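Everything on this sheet refers to the single structure shown next.
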Amino acid sequence: MAEGILRVNIEKGEISYEDVPEDLQKLGGRAVTSSIVADEVPSNCHPLGPNNKLVLAPGIVTGTSAPSSGRMSAGAKSPLTGGIKESNVGSRFAQTMAKLGLKAIIVEGMPEDGYKLLHISQEDAKFLDASKLSNIGLYEAYEKIHDEFGDKVDICSAGIAGEMKASNAGLCFNDIDGLSSRYAGRGGLGAVMASRGLKFIVLDGKGASGVEIKDKEMFERGKKKLVKGLKEHDVTKPGGALSSFGTNVLINILDESGGLPHRNFSAGSDENAEKVSGEKKADMIKELGGVRPHVCSPGCIIQCSEVWTKKGGKDPVGVLEYESVWALGPNCGIYDLKIIGELNRACNDLGLDTIEMGNTIAVAMEGGMLEFGDGKGALKLMDEIRKKTHTGRLLANGADLVGKALGVYRVPTVKGQSIPAYDPRAVKGIGTTYATTTMGADHTAGYTVATEILSVGGESDPLDPSDKAELSKNFQIHAGFIDSSGYCLFTTFATLDDPETMEGMAETIGGVIGEEFTVEDMEKMGKQVLAIERKFNKEAGFTDKDDRLPEFMREEPLPPHNEVYDVSDEELDMIHED
Amino acid sequence: MTGVTVRFFANLREAAGSKSVQVEAEDVGSMVEILIEKHPELGDEMLDEKGELKDTVKIMVDGRNIDFLEGLHTKIDKTKKVAVFPLIAGG
């Protein structure tokens, strides 16, 4: 199958293949989704209405043998932020999609009722009835899909939260064991998919022709350098921190730095953090019978993933990421990994983003709905969502809505999206990214934590506001490229520290597209992506005033450093000036 | 002079043989010397071939990276929280 774009419209019952426009041929991932959304979705449309579209696109090198490249992007106008959204995920789904020759899938139209499953193989694409797979949890649904279509198929889905058209409905993908645990979670894209009448996309990659590499010599040359760099860097190497402890290894260092938010961003450090740390979790996985390390997609050198389970390997959840452990744990005053695992499993099962859900529960706690630390109470709230009660519907729409409903002042959101696991008052560069990215609060959109806390790619004092605008800008540009490339963001830890590894990455891109591609071209691509997204948001009504953190972060000093966020508005506004 | 509690994280715990140790030291530089004398396994993890502290080892005093304080000359005492991390990352 030649590379093409698959356009599906359940309302009209149409499925068609289109040639890839020339301007998208050498792009991938976020560059493709944001370009198509900007071209085809009216910026002022209602995110759940007939004019919004869901766009999926694998990265440029996804589906090749390039290491740690099983990433893809999902894009649309976000029901949560009201702006353009790109949510990125690592899953074998991305690789299969690329191998099937699918540059993008565009889902459009708004049928009156019912849900379909879109089945795509090398031979054809067709709609199947999904009514029996609706209104059930995704773990069960994935088992049924694998029973019917084989255990090698890959799945993208919206869960019960998507059926509720909730603003915190994520897009769920399978891990390599078929669990519903990999998420393009942020921004409510599950609601966009479900409101198009689509519940599942199932890919059967049998006989797929694979990804064309136009200059194999250049690709192999670059791959060799990149593999060497990833295998040698202390963070990304086999047996390194990420494969030994997972992303949750960050809990202790962020807590030590005073930047791990506890109890709805009221403290930056707490003596209980160790109880939910990566070190503790790695020990517990051994005791409980889970799996560590693990991969989100085949061909990953870094292997940061895992399978968290109950005792005896029962009720596998999938990975407990740093962000998820923090959001559902310390941010809610919960320091019990078993409870956090149950909360994470509920999120995965219902189709909810863990960051938004954890913040929502924390805001509900602050608003008096339950006490901080009440893990059982938090699980009951998840049941409210499962039952689709009015309380559940409120909770599934995120921290901003719940904060308003309960009269809470300390609501940690930007552009309606919850702030991740680094407090901007103690890590000021990442606060600058939260404020100014087109995405709403999103750490992956410009991961300055690398230099502020982790000393990767240089060092920047996390409490010093003076260099943070420039730092965030550069990381945002690089994220625009990385999200388009198909490479995992964690490859950045190795590429930032070693120019030859970075050069190797560029050469793999050049090898796939068949022309020279340099480190400077990475920057150009990143800037291009940001400009497209910024224009969309501006036309949707966003102004500089939306590029701000919540007021309490400038007003309330955060212990233990007792700092406020003090990067000036003028500096924030300079980030997107050219 | 009284003992400072030094805490270790990630794979440095294995090298140190425990989560924390007590050290009698006035500044971070002397603390590192004493640590490695008492726990030679830490030498491989913390020092480079020239015997200098590796760039990848991060020492924090009261939640601040010593690179943003006075480096190895940063003063410590029993009231200070001292933590030693290897190079780690996530997200």
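Observations on the model:
- Residue in the stretch A:271-290 that is farthest from the other protein chains (Cβ to nearest Cβ), counting only those that are closer than 17 Å to B:Phe9 by Cβ and within 25 Å of the chain's Cα centre (by Cα): A:Val276
- Which listed residue is within 14 Å of chain B (Cβ to nearest Cβ) and surrounded by fewer than 24 Cβ atoms within 10 Å (Cβ to Cβ), from A:Thr444, A:Thr433: A:Thr444
Here is a yes/no grid of residues against (1) touching a strand residue (DSSP E or B) at 6+ places or on another chain (Cβ under 7 Å); (2) not assigned by TED's automatic domain parsing to the domain that holds A:Asn88:
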position: A:Gly170; (1), (2): yes, no
position: A:Gly185; (1), (2): yes, no
position: A:Gly188; (1), (2): yes, no
position: A:Val192; (1), (2): yes, no
position: A:Ser195; (1), (2): no, no
position: A:Lys199; (1), (2): yes, no
position: A:Val211; (1), (2): no, yes
position: A:Lys216; (1), (2): no, yes
position: A:Lys223; (1), (2): no, yes
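- Test: A:Asp315 is within 14 Å of another protein chain (Cβ to nearest Cβ) and either over 24 Å from A:Arg182 (Cα atoms) or free of Cβ contacts under 8 Å to residues at least 40 places away in the same chain (or both): no
- Looking only at residues in the stretch A:537-562 that are open to solvent by less than 50 Å² (accessible area, probe 1.4 Å) and not in a loop (DSSP other than H, G, I, E, B), the one that is nearest to A:Thr436 (Cα to Cα) is A:Asn537.
- Any hit, the stretch A:295-304, residues being in contact with a helix residue (DSSP H, G or I) (Cβ under 6 Å, 6 or more places away or on another chain), modelled with pLDDT under 95, within 28 Å of A:Thr360 (Cα to Cα) and surrounded by 20 or more Cβ atoms within 10 Å (Cβ to Cβ): yes
- Checked against (1) open to solvent by less than 10 Å² (accessible area, probe 1.4 Å); (2) out of contact with any Leu (no Cβ under 8 Å at 6 or more places or on another chain), A:Glu112 meets all criteria but (1).
- A:Val276 vs. criteria under 26 Å from A:Val89 (Cα atoms) and at pLDDT 95 or above: yes
- Residue in the stretch A:297-317 that is of a type in the set (D, E, K, R) and closer than 25 Å to A:Phe200 by Cβ present: yes
- Evaluated against (1) charged (D, E, K, R); (2) in a helix (DSSP H, G or I); (3) in contact with a Ser or Thr (Cβ under 8 Å, 6 or more places away or on another chain), A:Arg345 falls short on exactly one condition, (3).
- Here B:Phe85 does not qualify as within 13 Å of chain A (Cβ to nearest Cβ), open to solvent by less than 60 Å² (accessible area, probe 1.4 Å) and more than 11 Å from the chain's Cα centre (by Cα).
- Among the candidates A:Ser269, A:Ser277, the residue that is out of contact with any Lys or Arg (no Cβ under 9 Å at 6 or more places or on another chain), open to solvent by less than 10 Å² (accessible area, probe 1.4 Å) and among the small types (Gly, Ala, Ser) is uniquely A:Ser277.
- Residue pairs meeting the criteria (Cβ under 9 Å; at least 6 apart or on separate chains; first within 12 Å of chain A (Cβ to nearest Cβ), in the stretch B:1-30; second open to solvent by less than 20 Å² (accessible area, probe 1.4 Å) and of a type in the set (S, T, N, Q)): B:Arg7/A:Asn252; B:Phe9/A:Asn252; B:Phe9/A:Ser277; B:Ala10/A:Asn252
- Scanning the stretch A:546-578 for residues that are over 20 Å from A:Arg410 (Cα atoms), hydroxyl-bearing (Ser, Thr, Tyr) and either within 14 Å of chain B (Cβ to nearest Cβ) or in contact with a helix residue (DSSP H, G or I) (Cβ under 6 Å, 6 or more places away or on another chain) (or both) yields a count of 0.
- Qualifying strands (runs of 3 or more DSSP E) (wholly inside the stretch A:1-100; at least 1 residues being crowded, with 24+ Cβ neighbours inside 10 Å): A:4-9, A:54-58, A:71-77, A:84-90
- The residues of the stretch A:452-468 that are surrounded by fewer than 22 Cβ atoms within 10 Å (Cβ to Cβ) and hydrophobic (A, V, I, L, M, F, W, C) amount to a single one, A:Leu463.
- Test result for A:Ser167, under 18 Å from the mean Cα position of the chain (by Cα), touching a residue at least 40 places away in the same chain (Cβ under 8 Å) and open to solvent by 10 Å² or more (accessible area, probe 1.4 Å): yes
- Considering (1) surrounded by 24 or more Cβ atoms within 10 Å (Cβ to Cβ); (2) under 19 Å from A:Asn52 (Cα atoms); (3) over 13 Å from the mean Cα position of the chain (by Cα), the lone condition that A:Gly197 does not fulfil carries the number (1).
- Candidates are the residues of the stretch A:568-578 that are part of a loop (DSSP other than H, G, I, E, B) and under 26 Å from the mean Cα position of the chain (by Cα); the one that is surrounded by the most Cβ atoms within 10 Å (Cβ to Cβ) is A:Ile575.
- Test: residue in the stretch A:247-255 that is within 14 Å of chain B (Cβ to nearest Cβ), in contact (Cβ under 8 Å) with a residue 12 or more places away in the chain and among the charged types (D, E, K, R): yes
- Pairing each residue of the stretch A:513-525 that is of a type in the set (Ser, Thr, Tyr) with any residue that is open to solvent by 60 Å² or more (accessible area, probe 1.4 Å), provided the two are 6+ apart or on different chains, yields C-beta distances under 9 Å for A:Thr518/A:Glu503.
- Checking each residue of the stretch A:214-229 against the condition of being of a type outside the set (D, E, K, R) and within 14 Å of chain B (Cβ to nearest Cβ) gives no match.
- A:Leu489 being open to solvent by 30 Å² or more (accessible area, probe 1.4 Å) and within 17 Å of A:Thr518 (Cα to Cα): no
- Pairs where the first residue, in the stretch B:43-71, is away from chain A (no Cβ under 13 Å) and the second is of a type in the set (A, V, I, L, M), C-beta under 7 Å, 6+ apart: B:Gly43/B:Ile36; B:Leu47/B:Ile36; B:Leu47/B:Leu53
- Criterion: touching a Phe, Trp or Tyr at 6+ places or on another chain (Cβ under 8 Å) and surrounded by fewer than 20 Cβ atoms within 10 Å (Cβ to Cβ) - qualifying residue of B:Lys75, B:Lys19: B:Lys19
- Residue check, B:Ser18 assigned to a loop (DSSP other than H, G, I, E, B) and polar (S, T, N, Q): yes
- Screening A:Gly258, A:Gly222 for residues that are open to solvent by less than 10 Å² (accessible area, probe 1.4 Å) and outside any helix (DSSP H, G or I) leaves exactly one candidate, A:Gly258.
The values are calculated or read from the model by the stated rules, or taken from the named source; none is laboratory data. All values reported here derive from a predicted model rather than from experimental measurement. No Cβ is skipped: glycine too gets one built from the backbone with ideal geometry, and neighbour counts run over all protein chains shown. These accessible areas exclude ligands, DNA and RNA; they are computed on the full protein's heavy atoms, side chains included. Shrake-Rupley method; radii C 1.70, N 1.55, O 1.52, S 1.80 Å.
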